[in-house]
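Visitor: First the structure, then my questions, so here it is.
The values are calculated or read from the model by the stated rules, or taken from the named source; none is laboratory data. Keep in mind that this is a model prediction, so the values were computed, not measured. Neighbour counts run over all protein chains shown; Cβ positions are idealised from the backbone, glycine included. Side chains included, ligands, DNA and RNA excluded: accessible areas come from the protein's heavy atoms. Shrake-Rupley method; radii C 1.70, N 1.55, O 1.52, S 1.80 Å.
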Amino acid sequence: MERAREIASVIIFILLLGLPAPGASEETDPWRNERLRMVREQMEDRGIRDPLTLQAMRSVPRHLFVDPSRRDAAYLDTPLPIGFGQTISQPYMVAYMTEIILPRPGLKILEIGTGSGYQAAILAACGAEVYSIEIIPPLAERAASLLRKLDYEVTSKTGDGFFGWPEAAPFDAILVTAAAEFIPTPLTEQLKDGGTMVIPVGTPFYVQTLMLVEKREGRLRTRSLMPVRFVPLRRAE
Ligand code: SAH
């Protein structure tokens, strides 16, 4: 009996050896703890509740989307420069805008302003079908290659997002990550009935208002959400 118990514990020990050691994922991703802390302190403590949004924020490696020289700041509560005078948004803003449009598998979402590709990765991590447009070619190319390398399914192109993506329209949701002086008509036209758009509207280089636009039975309803600061939505020359 004693012998049987010994053999059993040896077998269990051998089986346990085959399991990944606790903390193994931290070895492969030393940033994981910082990311989990970001989600606790910057998202959950500030009222972000959507489980898919939180899960995406926990899983997407934000440090790979920032400039390598700023990697240590990747999970801090701040936007960061990504070159060409542009920025990757503050993590909370990304989570907040994501939670508003509730990306889900089966939903088609258009993002204007790919930038680093981080917001697009978050939307894709929620399972949505993501289209993203960036006006600065080198940023568009860098984001597309990173998203491909990390296996996020995002269809992207270089161009002026003001005109949306007519060939892929209509969209369940549109997320604009650069500040517009007014809501572009092509974008509201490409929104499905029942669809939602979030867009910062206001004076460039100043404080803007994050607006929620909902299309219901062909009519647009707009609501102000909060004051924000985004880089301006540029127009192609
Ligand atoms: N969503 C990005 C944030 C990028 S900042 C991220 O997660 O990193 C806004 C981006 O919008 C910039 O990269 C800027 O070049 C881009 N942009 C500005 N005007 C645009 C336009 N008309 N069409 C498409 N992209 C535009």
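Visitor: Need at least 2 residues that are farther than 25 Å from E214 by Cβ and either at pLDDT 95 or above or open to solvent by 50 Å² or more (accessible area, probe 1.4 Å) (or both) per element, so show me which helices (runs of 4 or more DSSP H) inside the stretch 112-204 make the cut, counting only ones lying wholly within it.
Guide: 118-125, 137-149
Visitor: Still on this structure: Open to solvent by 10 Å² or more (accessible area, probe 1.4 Å), closer than 19 Å to V231 by Cβ and within 11 Å of the ligand (Cβ to nearest atom): does that describe G85?
Guide: Spelling it out, G85 is indeed open to solvent by 10 Å² or more (accessible area, probe 1.4 Å), closer than 19 Å to V231 by Cβ and within 11 Å of the ligand (Cβ to nearest atom).
Visitor: In addition: If I ask for residues that are within 6 Å of the ligand (Cβ to nearest atom) and under 15 Å from the mean Cα position of the chain (by Cα), which ones from the stretch 115-145 would you list?
Guide: Hits for the stretch 115-145 are G115, S116, Y118, Q119, I133, E134.
Visitor: If you don't mind, there's one more thing I want to ask. Within the stretch 57-80, is there a residue that is touching a Cys at 6+ places or on another chain (Cβ under 9 Å) and within 21 Å of A143 (Cβ to Cβ)?
Guide: Checked against the condition, which is being touching a Cys at 6+ places or on another chain (Cβ under 9 Å) and within 21 Å of A143 (Cβ to Cβ), the stretch 57-80 yields no hits at all.
Visitor: Go through (1) within 9 Å of the ligand (Cβ to nearest atom); (2) at positive phi; (3) not small (G, A, S) and name the single condition D151 misses.
Guide: Result: D151 passes all but (1).
Visitor: For the stretch 63-79, give me each residue that is out of contact with any helix residue (DSSP H, G or I) (no Cβ under 6 Å at 6 or more places or on another chain) and open to solvent by less than 70 Å² (accessible area, probe 1.4 Å).
Guide: As a first pass, look at the stretch 63-79 and keep what is out of contact with any helix residue (DSSP H, G or I) (no Cβ under 6 Å at 6 or more places or on another chain): 64, 66-70, 72-73, 76, 78-79.
Listed by number, the residues that qualify are L64, V66, D67, A73, T78, P79.
Visitor: Among the residues of the stretch 222-237, write down those that are within 16 Å of the ligand (Cβ to nearest atom) and not in a loop (DSSP other than H, G, I, E, B).
Guide: The answer is V228, P232.
Visitor: Kindly indicate whether R235 is at pLDDT 95 or above and surrounded by fewer than 18 Cβ atoms within 10 Å (Cβ to Cβ). Even if it seems obvious, please write down each step before you answer.
Guide: Values: at pLDDT 95 or above: no; surrounded by fewer than 18 Cβ atoms within 10 Å (Cβ to Cβ): yes.
No; evaluated as a whole, the condition is false for this residue.
Visitor: Does the stretch 178-188 include one or more residues that are away from the ligand (no atom under 14 Å from the Cβ) and either of a type in the set (K, R) or touching a residue at least 24 places away in the same chain (Cβ under 8 Å) (or both)?
Guide: The answer is yes, given that some residue of the stretch 178-188 is away from the ligand (no atom under 14 Å from the Cβ) and either of a type in the set (K, R) or touching a residue at least 24 places away in the same chain (Cβ under 8 Å) (or both).
Visitor: Next question, about the same structure. Taking K108 and the conditions (1) surrounded by fewer than 16 Cβ atoms within 10 Å (Cβ to Cβ); (2) closer than 23 Å to A144 by Cα; (3) more than 16 Å from the ligand (Cβ to nearest atom); (4) modelled with pLDDT of 95 or more, which numbered condition does it fall short on, given that it satisfies the others?
Guide: (1)
Visitor: Those residues that are open to solvent by less than 40 Å² (accessible area, probe 1.4 Å) and of a type outside the set (A, V, I, L, M, F, W, C), I need them from the stretch 205-230; list them, please.
Guide: Hits for the stretch 205-230 are Q208, E214, K215.
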